[in-house]
1. Between residue 2 and residue 224, what FRET efficiency follows from the Cβ-Cβ distance if R0 is 45 Å, with the result rounded to 0.05?
2. Counting only trypsin sites (Lys or Arg not before Pro) that are in a DSSP loop and have at most 10 other C-beta atoms within 10 Å, tell me the longest site-free stretch of the chain.
3. Starting from the Cα of residue 17, step 7 Å along the direction of its Cβ; do the same at residue 313; then give the gap between the two resulting points in nm.
4. So what is the 222 nm mean residue ellipticity for the chain from helices alone, if each DSSP H run of at least 4 adds -39500 (n - 2.57) and you divide by all residues, rounding to the nearest 500 deg cm²/dmol?
5. Which of 203, 298, 254 sits farthest toward the positive end of the charge dipole of the chain, with +1 on the Cβ of Lys and Arg and -1 on the Cβ of Asp and Glu?
6. What does the convex hull of the Cα atoms of the chain come to per residue, in Å³, rounded to a whole number?
7. For a protection proxy built on the mean count of beta-carbon atoms within 10 angstrom, sort 61-67, 10-16 highest first, please.
8. What nm distance separates the two modelled labels at residue 151 and residue 337, each placed 7 Å from Cα along Cα→Cβ?
Amino acid sequence: MLWPRIKPGETVYSLMRKHGFAERSVTAVMRENLFPASLTLVPDALYKVTTNTELQLKQLTFFDPDSDSSFVVWQDGGSAGSRVQTEAFVTKIKNVTGRVRGSLLESLLRAAPDTRVAYRFMDAYVLDFDLRKAVQREAFFRVKYEEKYQANRLVKTGEVLETELEVGPSRHPRKFVHYEGGGSHVGPMGMTNARTLYSPVNYQHYSSLFIPRRFHPIKKRRQAHLGLDFEVPAGHPVFTVAPGQVMRVGKNRAAGNFVVVRHAGGLESYYNHLQAIDSSIAPGRTLENGQKLGTVGCTGYCTKAHLHFALKQVGRFVNPAKVLQPYAFHGRTAVKNSVQQFAEAEVAPKSAGM
């Protein structure tokens, strides 16, 4: 058994050829077309190579970074195929602390050398703070996260379960709350009335923020980015952020497949780059809070699957980070229960000391 790392530019096809799969086997696997759209090959990630010369068996296992599933391609003598399966991992919990010296990202990577952990940590605070300006030198941070093992080998990191970050005079804790289809990092206040809209997706990973002047990755020039980009796998459901009425449904070169919803108070929400739009979504349709609009994709001007979400208030784009809750509408009960646990954890140490 070998555990190589994926190199930049490598694909399932190139790795099958690299590890000696016959051309007819590669063709058979590619014809099956079972590779999940939600699974991506991440450079430097481990994959597993299993061989049995006696049985003429060769197998490659690619691990999904966002779940416990994997994609397996195999060659057995003259036969070949592929499948998606659930992996058995031994999960260990790691807890690290540190101080900010240099950038927050650099400091996190020194404490927990995994970019996934670092970015998930920052995702927990993006809606509340401008991390470039709010975090000072020597600020304290803590992160508790999962490590996934097979055969005593660390295969990948899992979810970031808890975070804590010092901003100004206070430390701000967050906990990951699971709910159907995903989960979110929430603080002790959990549900704040100042945030009137719910997240359009079940899982919060932000690849681009609301920036008046951003360098566009495709057009190669400075251009305003007037929304939030949620980087989630293709096929992930997209929900309306509040009750409303469908204004437009369509497709164009820039936005790809898109939906626009009108809400109360002159507010409009935009959902771009969709893989598919639900057949029931049509102009004039009245929508409930958290109703499914379609699925995440990469249509229009797009380099990888994501949802570009934008808001207009009385005809002018506004920063969604200021009004979005960090969880979807159907996750509100789980979040409410988590907030109660936060409160109980605060009371317990005080009671113990009495």
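1. Numbers: r = 47 Å, r/R0 = 1.05.
Efficiency computed from Cβ-Cβ geometry: 0.40.
2. Details: sites that count: 137, 219, 220, 221, 253.
Here the longest segment lacking exposed loop sites spans 1-136.
3. It works out to 5.4 nm between the two label points.
4. Counting only the DSSP helices, I get -5000 deg cm²/dmol.
5. Checked the options; the winner is 254.
6. Numbers: hull volume 59.8 nm³, N = 354.
Taking only Cα atoms, the chain has a hull volume of 169 Å³ per residue.
7. Working: 61-67: 19.3, 10-16: 16.3.
The packing order, highest mean first, is 61-67, 10-16.
8. 3.8
Values quoted throughout were computed directly from the atomic coordinates according to the rules given, and no laboratory measurement underlies them. Given the structure is predicted, the values throughout are model-derived calculations rather than measurements. Note: ideal-geometry Cβ built from the backbone for every residue, glycine included; neighbour counts use all protein chains shown.
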